[in-house]
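Structure, as structure tokens:
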Amino acid sequence: MTTQHSALPLDERSREALAAEGLRYAFVDEQDAALFDAWLQADQRGFHAEALTEEQLAEHREGLAFARSIGVWDPSSADPATPVGTVGSWRSSLSLGAGREGASAGASIEGWAISAVTVAPTHRRRGIARALLEGELRAAASAGLPLAMLTVSEATIYGRWGFGPATWAADYSVDTRALQWTGPRPTGRVHQVAPASLRALAPQLAERAHRRESGEVPGWEHYWQRMLGLTAGNSRASKLRAARYDDEHGTPQGFALYSLTAKPDDYTAHTLSLDYLCAASDDAHAALWRFALELDLVATVTALLRPVDEPVQWMVSNPRAVRTSARSEHLWLRILDLPASLTARRYAHADTVLLRVDDPLGYAHGDWMLTSSTDGAATVTPADADPAPETAVVRLGVDVLGTLLLGGAPVESLRAAARLVEERPGSAARLDALFRTTRAPHLSIWF
């Protein structure tokens, strides 16, 4: 991450649009504690979260100073010092994984992470959300960033600005009494450790783990402080436990954060909540899951925000003991520079597809020829002539292209839902074969 976000100018079109509504659109100076505190409290209020204490405000000011914070104020309101709209943003990498069998892992692309989008309920339908989102997209495009990304609390909002869901997650509940571990038994060792001991190690392990996946966004310092129970007034701190896996050479390869809740009428039937599992190797993944599932006095293990193709269901004797629920989209992507976005990843095989992209905001609109080679690399060029007869041709919206970018969406389902149109028979199947990845893309955090 970088702290140079405020060097980008304030979006003049959004400023003028909101001024016409009698509203002020401006940066939040992180050096102005009172101003920043009001912005932070407005963000909390927007998500129905508790107001921050003075100590928590001080931590948030320090922890979020790296981001670009913008607010909208109504001078005529009863509380003119508190913003009626908020947004935060920063440059961030997005992992692209290997992308194809046998390819080297570690590919990534830099994008514009958007967070803290709130509008006060007293100021709906005044163009605030539109000004905030379109201002952020213009800022990202002016900075030369190929895409924007966000996680959403409501899935009905962001498609109108060209965002499409690109990763999915599921919640798992495992009945530990109804199974035996049949998965790998790594030769390394699991250690129970204090969460605070992972403060320096956790971001490093997460970075290594992210190279194996597509869809991951790195956490920031305040995020890790919160996850490890080290922030002021952290409600998880007293119950939080941690385990670390070291390989046979003593090198840390993963960790898990978890808590335990007793069943009132049966002390032998605790629920273990697996808050976060980070694995930089397959052995770490297996060893940490086995540790959780075989812990004494535990009857149920729950794990939230896990991959939809979580391998643990194949590592136990009874697959029915592993139940999934609350499967939903998580990371949303908005492509701004189509050639840069599509050439950053690798593809399954060599092929040529003409993409006819509809983008109402204009960033990625037009006909684009995607040509991949046998090594998985691709070129993308504007297409201004009729394609050769053997070329696949697909028409789709920029939101659908964002959904496809990381390879986790079934193209045939999108075709059946009329979300994309194949202009030549067989084009959807060829597009699916080109974009699909061996593992489902996954994002393990909220931002």
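The values are calculated or read from the model by the stated rules, or taken from the named source; none is laboratory data. This is a predicted model, so every value here is computed, not measured. Using ideal geometry, Cβ is built from the backbone for each residue, glycine included, and neighbour counts are taken over all protein chains shown. Keep in mind that these areas ignore ligands, DNA and RNA; they rest on the heavy atoms of the full protein, side chains included. Shrake-Rupley method; radii C 1.70, N 1.55, O 1.52, S 1.80 Å.
Under the condition of being outside any strand (DSSP E or B) and of a type outside the set (A, V, I, L, M, F, W, C), the residues counted in segment 188-204 number 6. Restricting 51, 81, 65 to those that are within 30 Å of residue 235 (Cβ to Cβ), in contact with an Asp or Glu (Cβ under 6 Å, 6 or more places away or on another chain) and of a type in the set (Gly, Ala, Ser) reduces the list to 65.
Looking for whichever is outside any loop (DSSP other than H, G, I, E, B), out of contact with any helix residue (DSSP H, G or I) (no Cβ under 8 Å at 6 or more places or on another chain), small (Gly, Ala, Ser) and open to solvent by 50 Å² or more (accessible area, probe 1.4 Å) here; the options are 78, 38, 34, 42. Which one fits?
Details: 78 fails: outside any loop (DSSP other than H, G, I, E, B); 38 fails: open to solvent by 50 Å² or more (accessible area, probe 1.4 Å); 42 fails: open to solvent by 50 Å² or more (accessible area, probe 1.4 Å).
Only one candidate passes the filter, namely 34.
From 297, 277, 260, which residue is crowded, with 17+ Cβ neighbours inside 10 Å, in contact (Cβ under 8 Å) with a residue 24 or more places away in the chain, in contact with a strand residue (DSSP E or B) (Cβ under 7 Å, 6 or more places away or on another chain) and not β-branched (Val, Ile, Thr)?
Numbers: 297 fails: crowded, with 17+ Cβ neighbours inside 10 Å; 260 fails: crowded, with 17+ Cβ neighbours inside 10 Å.
Being crowded, with 17+ Cβ neighbours inside 10 Å, in contact (Cβ under 8 Å) with a residue 24 or more places away in the chain, in contact with a strand residue (DSSP E or B) (Cβ under 7 Å, 6 or more places away or on another chain) and not β-branched (Val, Ile, Thr) holds for just one of 297, 277, 260, which is 277.
Of the residues 282, 265, which is under 14 Å from residue 209 (Cα atoms), open to solvent by 50 Å² or more (accessible area, probe 1.4 Å) and either within 23 Å of the chain's Cα centre (by Cα) or free of Cβ contacts under 8 Å to residues at least 12 places away in the same chain (or both)? So that I can check it myself, show each step before the final result.
Working: 265 fails: under 14 Å from residue 209 (Cα atoms).
Going through 282, 265 in turn, just one is under 14 Å from residue 209 (Cα atoms), open to solvent by 50 Å² or more (accessible area, probe 1.4 Å) and either within 23 Å of the chain's Cα centre (by Cα) or free of Cβ contacts under 8 Å to residues at least 12 places away in the same chain (or both): 282.
Residue count for segment 376-401 under the criterion of being open to solvent by 40 Å² or more (accessible area, probe 1.4 Å), among the acidic types (Asp, Glu) and at pLDDT 95 or above: the result is 1. Can you work out which of the residues in segment 162-181 that are closer than 16 Å to residue 398 by Cβ and open to solvent by less than 10 Å² (accessible area, probe 1.4 Å) is farthest from the chain's Cα centre (by Cα)? Ranking the candidates gives 162 first. For residue 108, the conditions (1) of a type outside the set (D, E, K, R); (2) assigned to a loop (DSSP other than H, G, I, E, B); (3) out of contact with any helix residue (DSSP H, G or I) (no Cβ under 7 Å at 6 or more places or on another chain); (4) over 21 Å from residue 127 (Cα atoms) all hold with the exception of (2). Is it the case that residue 68 is in contact with a Leu (Cβ under 9 Å, 6 or more places away or on another chain), open to solvent by 30 Å² or more (accessible area, probe 1.4 Å), closer than 21 Å to residue 7 by Cβ and not hydroxyl-bearing (Ser, Thr, Tyr)? No: the conditions fail for residue 68.
Give 225, 253, 192 a once-over and let me know the one that is in contact (Cβ under 8 Å) with a residue 12 or more places away in the chain, polar (S, T, N, Q) and surrounded by 21 or more Cβ atoms within 10 Å (Cβ to Cβ). Let's see the steps before the verdict.
Values: 225 fails: surrounded by 21 or more Cβ atoms within 10 Å (Cβ to Cβ); 192 fails: surrounded by 21 or more Cβ atoms within 10 Å (Cβ to Cβ).
Answer to the selection: 253.
Taking the criterion of being at pLDDT 95 or above and either β-branched (Val, Ile, Thr) or in contact with an Asp or Glu (Cβ under 6 Å, 6 or more places away or on another chain) (or both), the residues of segment 95-114 that qualify are 95, 109, 114. The number of residues in segment 300-317 being open to solvent by less than 50 Å² (accessible area, probe 1.4 Å), part of a strand (DSSP E or B) and within 26 Å of residue 167 (Cα to Cα) comes to 7. Pairs meeting the criteria (first residue in segment 38-51 and farther than 10 Å from residue 86 by Cβ, second residue acidic (Asp, Glu) and in a helix (DSSP H, G or I), beta carbons under 9 Å, at least 6 apart or on different chains) are 49/43. Selection of segment 4-31 for residues being open to solvent by 50 Å² or more (accessible area, probe 1.4 Å), at pLDDT below 95 and over 27 Å from residue 233 (Cα atoms) yields 4, 6, 7, 9. One residue alone among 185, 212, 177 is of a type in the set (Lys, Arg) and not in a loop (DSSP other than H, G, I, E, B), and that residue is 177.
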